[in-house]
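See below for the structure under consideration.
Read-outs throughout are calculated quantities, based only on the coordinates presented, and are distinct from any laboratory measurement. The structure displayed is predicted, hence computed values, not measured ones. When we count neighbours, we look across all protein chains shown, and the Cβ atoms used for this are built from the backbone with ideal geometry, even at glycine.
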Amino acid sequence: MNRFRDVPSALAIQVLPMGIVDRATVWAMVDQAIQQIHGTGLTYTVGPFETVVEGPLDQLLDLAATVHRTVLVAGAPTVATYMKLWSGEGIGTSKEKIEKYRAQGH
């Protein structure tokens, strides 16, 4: 039994299609990656440089591979994926961490 399967976690992920000059194409590929995240039903927050997804550790690790592959399948010749992963009890939610700033208009 994997005792870490359900550990609360947060994944900040940035998927970068490389070797593509057209900005609209890059953004469309990133949109496809975000659609994969959306399809999980997990809580997520899209930012200008990365998307933060919250959920069980194993599911987030599988999701990271899925979004990376999604951009490759979309036609990017090379893909770089940058991740920050935080796991453990009491880590708090993205909403808790940013809500006072959103209330101030940021």
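Annotations
- Under 5 Å between amide hydrogens, built in the peptide plane, is the criterion, and for Leu16 it picks out Ala80, Thr81, Tyr82 among residues at least 5 positions away or on other chains.
- The chain - charge dipole about Cα centre, Lys and Arg +1 at Cβ, Asp and Glu -1, debye rounded to 20: 140
- Calculated FRET value between Lys95 and Glu50, using beta carbons and R₀ = 22 Å, to 0.05: 0.85
- The helix-based estimate of mean residue ellipticity at 222 nm for the chain, built from -39,500 (n - 2.57) per DSSP H run of four or more residues and divided by its residue count, is -13500 deg cm²/dmol to the nearest 500.
- Pair-distance distribution of segment 8-103: all C-alpha pairs, bin width 5 Å, starting at 0; shares per bin in whole percent are 2, 13, 25, 23, 17, 10, 6, 3, 0.
- Hz values of 3J(HN,Hα) by residue in segment 85-93 - Karplus curve (6.51, -1.76, 1.60), Gly and Pro given as x: 10, 10, 9, x, 6, x, 6, x, 9
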